[in-house]
Amino acid sequence: MEKIEREGVSVEEEEEEEAEASVEIWKYIFGFVEMAVVKCAIELGIAEAIEKHGRPMTLSEISSAIGCDPSLLKRIMRFLVRRKIFKPVTNGYSQTPLSRRFIREGKQSMAALLLLESSPVMLAPWHSLSARVMANGRPSFQNTHGEDVWRFAAANLDHSNLINEGMACDTKLVIPVIIRSCSEAFDGVESVVDVGGGNGSAMRILLEALPSIRAMNFDLPHVIAQAPPCDGLQHVAGNMFESVPEADAVFLKKEMQWVLHDWSDEECIEILKKCREGVSKEKGRVVIVEAVIEEEEEGSKLADVGVVLDMVMMAHTNFGKERTLKEWEYVIKTAGFSSFTVKPIHAVQSVILTFY
């Protein structure tokens, strides 16, 4: 049969697109497999075993160390090597920078976050995403579990702890980057409150770098009840929709990665208004650490993560979303702030400084 050219597309280009599609489709059919196999590797402790060994390990050595079936482990390792998570060496396997991020207690670990996102509680709402998008659709998490993620966490302490542990991963990596590359955020600041600060991870890291700052960690009572004590850090229980403790600066970057992306524009405006009420007029600023979605279709790999996270917000929150620069300007200016700046850092997030 003679092929008919699409407008502006040659027959050769169309054939290339068809060939590419025939391969790409499998990525979407079996997209869940990568998460599932990496979760398996974390639960087995493969990366920990190799790290503890201090040098590359053979398949037999790994199998003995973690007590699993060698033939099945070989297939798991083949999959992980293909994705460059582990590196094949003579008769064995060695670590990579990526595999070390799956060591639970590692300095750059993201293991707890992957375990959170792959948990049954967090996976189930994805099955209701299409119903959510329909007109008058109910939020996916609420439709699945009968209440929103925050009420569910308050009533299920194990899941609340899983959230805190999972989301603290990002804080350990991002806060030092903020301190190094955006020190102006804390110039002249004598006191700071982390609104929605969870177990206080962000403020503990900040205090290590800036011990003279008076730091407060502010979150809901059930979260603060689980927060570990820390010298120089005051834990304060409350509700950010009602009031925010007074300080020179409000920090919106809890161990749960971000704060404002969990909420609608209207709710963000209310939160920012309460933050503005809490800061001093002279030094007052709100430091927002959030993604800024690029308008262009093509962006960096980190920029694409922001678009993925926007889908996570759709599945896991009632009205949360990631925002473009124009959307950030709207909520910040509507909340009453006179000006703001955006500074990209080497992370998914940018640092947004808003001034009284």
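The values are calculated or read from the model by the stated rules, or taken from the named source; none is laboratory data. Here the structure is a predicted model, which is why all the values come from computation and not from measurement. Virtual Cβ from ideal backbone geometry, glycine too; neighbours counted across all protein chains shown. For accessibility, only protein heavy atoms count, side chains too; no ligands or nucleic acids. Shrake-Rupley method; radii C 1.70, N 1.55, O 1.52, S 1.80 Å.
At 1.4 Å probe size, with no ligands or nucleic acids counted, give the accessible surface of Y356 in Å², nearest ten.
It works out to around 70 Å².
Tell me the Rg and the Dmax, in Å, that the Cα atoms of region 291-356 produce.
Rg, Dmax (Cα atoms, Å): 12.5, 34.
Pairing the Cα long axis of helix 265-278 with the longest principal axis of the chain, what angle in degrees results, from 0 to 90 and rounded to the nearest 10?
40 degrees
Points 7 angstrom from Cα along the Cβ direction at V177 and V9: gap in nanometres?
A separation of 3.6 nm, rounded to one decimal place.
Dipole of the chain, Cα-centred, from +1 at each Lys and Arg C-beta and -1 at each Asp and Glu C-beta, to the nearest 20 debye? Working shown, then result.
On the way: 38 positive and 54 negative charges, 332 e Å.
In total the dipole reaches around 1600 debye.
What part of the accessible area of region 42-196, given as a whole %, is carbon or sulfur when the probe is 1.4 angstrom?
54 percent
Where does region 16-161 land on Rg/Rh, using Cα atoms and the Kirkwood Rh?
1.07
So how far apart, in nm, are the two label points at A209 and N239 if each is 7 Å from Cα heading toward Cβ?
Result for the modelled spin labels: 3.4 nm.
Can you give me the distance in nm between label points at D265 and S94, each placed 7 Å from the Cα along the Cα-to-Cβ direction?
Calculated label separation equals 5.3 nm.
Give the peptides 30-38, 244-252 in descending order of average Cβ contacts within 10 Å, highest first.
In decreasing order of mean packing, 30-38, 244-252 become 244-252, 30-38.
Hey, what D do you get for region 43-126 in µm²/s if you plug the Kirkwood alpha-carbon radius into Stokes-Einstein at 37 °C and 0.692 mPa s?
244 µm²/s
Taking the 0 to 90 degree range and rounding to the nearest ten, how far is the long axis of helix 325-334 tilted relative to the main principal axis of the chain, both from C-alpha atoms?
Taking Cα atoms only, the helix is inclined about 20 degrees.
Under the Karplus relation 6.51 cos²θ - 1.76 cosθ + 1.60, θ = phi - 60°, what is the ordered set of whole-Hz ³J(HN,Hα) values for region 100-112, x standing for Gly and Pro?
Along region 100-112, the couplings run 5, 6, 9, 7, 3, 9, x, 5, 10, 5, 10, 4, 5 Hz.
For the chain, what does the accessible surface come to per residue with a 1.4 Å probe? Please give it in Å².
53 Å²
In whole Å, largest first, what are the principal axis extents of the Cα atoms in region 97-166?
Principal extents (largest minus smallest coordinate, Cα): 44, 26, 14 Å.
Viscosity 1.002 mPa s, temperature 20 °C: Stokes-Einstein D of region 166-301 from its Kirkwood Cα radius, in µm² per second?
Stokes-Einstein gives a translational diffusion coefficient of 142 µm²/s.
Hey, any idea what the orientation-averaged projected area of the convex hull of the chain's Cα atoms comes to, in nm²?
Numbers: hull surface 93.5 nm².
Hull-based average projected area comes out at 23.4 nm².
Compute the Kirkwood hydrodynamic radius of region 157-213, taking the inverse of the mean of 1/r over all pairs of distinct Cα atoms, and give it in Å to one decimal. Don't skip to the answer; put the middle values down first.
Details: mean 1/r = 0.0815 Å⁻¹.
Kirkwood hydrodynamic radius for region 157-213: 12.3 Å.
What angle do you read, to the nearest 10 degrees and between 0 and 90, between the alpha-carbon axis of helix 32-44 and the longest principal axis of the chain?
The helix 32-44 is inclined about 80 degrees to the chain.
Antiparallel as a % of all DSSP beta bridges within the chain, to the nearest 5?
Around 45 percent antiparallel, to the nearest 5.
Looking at region 81-226, send over the antiparallel percent of its DSSP beta bridges, to the nearest 5. Mind dumping the intermediate values first?
Details: 3 of 8 bridges.
Antiparallel: roughly 40 percent of the beta bridges in region 81-226.
Counting only protein heavy atoms and a 1.4 Å probe, tell me what percentage of region 206-350's accessible area is made up of carbon and sulfur.
Solvent-exposed carbon and sulfur of region 206-350 make up 53 percent of the total.
In the chain, with Lys and Arg counted as +1 and Asp and Glu as -1 at Cβ, which of these residues, T341, H235, A247, has the Cα nearest the positive end of the dipole, that is, farthest along it?
H235
Going by average Cβ density within 10 Å per residue, which order do the peptides 207-215, 159-167 take, highest to lowest? Mind showing how you got there, number by number?
Numbers: 207-215: 14.9, 159-167: 20.4.
Highest mean packing first, the order is 159-167, 207-215.
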